[in-house]
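See structure below.
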Amino acid sequence: MGSSSHENTPIPQEWLALLVGILITSLPLVVAGLGWHDSSLTSISATYHLGGLSRDWFVGTLMAVACIMLCYGGNRGRRRMASLIGAVAAFGVALLPCGCGRQGIDRYVSIGHFLCAAVLFVCLLVVCWDFRKHAQEKLASQKVDPVTTHRRVAVYTACAFIMLLGMGLAGVGNWTSAVQALALKGDRWVYWGEAVALVGFGVSWFTAAKVLPFLAAPQDRPQFLP
């Protein structure tokens, strides 16, 4: 039997980045569409307690992201390590339900969920910043299109600050009740913070996939089709 020309060919990193970007960016949007009518949806993690398709989507998306991150990172040590740790943390977020004001959830399980979520967000931030650093290194080598590469650096920088903003907002919503009086949906500030951070991270992975014409020169864009 003849061997295929694609046999033992590693999956391109751009493919993995695109998949993660789609999954992460869509998670808060799909969660909102499935469970926004439920007042108990105060965070993305609270989706676990809604049951049905909402919980399946939440858990399934995180498991898929974790599996992809296990395969991601290439030969860049910091990104590889952050991806591996982030993957383990994503498994923890998916499998350890948060307390989220619910009765019957073991306190230590809830603490484990919170710690895994915190580690995951930090790892996502590290990966985003490494994307930026890698783009800057390519600029210094003068072997890439400077216009689109400068744009990618700007997008990565913006995404990192957006993620920090979202994480800060979620933290404030989690630990204080002061902001809950600022808006009608004050009880969902944690959700909004998590959503902002995840969208920022997802956009950084879309950028790393180099599929958007204005962020990658034609010779740099991946060939997804034979």
Just order 125-135, 197-207 by mean Cβ neighbour count inside 10 Å, highest at the front, would you?
197-207, 125-135
On the formula 1/(1 + (r/R0)^6), with r taken between the Cβ atoms of Cys67 and Leu29 and R0 of 30 Å, the FRET efficiency rounded to 0.05 is 0.90
Net charge around Phe131, counting only other residues with Cβ within less than 9 Å of its Cβ (Lys, Arg = +1; Asp, Glu = -1)?
+3
Within 12 Å, Cβ to Cβ, of Thr157, how many net charges do the neighbouring residues add up to if Lys/Arg are +1 and Asp/Glu are -1?
+4
What's the FRET efficiency of His150 with Ile22 using the Cβ-Cβ distance as r and R₀ = 25 Å, to the nearest 0.05?
0.50
Label model pair Ile111, Gln136: point-to-point distance (7 angstrom along the Cα→beta-carbon line) in nm is 3.8
Theoretical gain in end-to-end length, Leu164 to Trp15 [0.36 nm per residue, Cα-Cα removed]:
51.0 nm
Efficiency by 1/(1 + (r/R0)^6): what FRET value for Arg78 and Leu212, r their Cβ-Cβ distance, R0 = 35 Å, to the nearest 0.05?
0.90
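No value in this document is a laboratory result; all are computed from the given coordinates. Given the structure is predicted, the values throughout are model-derived calculations rather than measurements. All Cβ positions, even for glycine, are placed from backbone atoms using ideal geometry, and neighbour counts span all protein chains on display.
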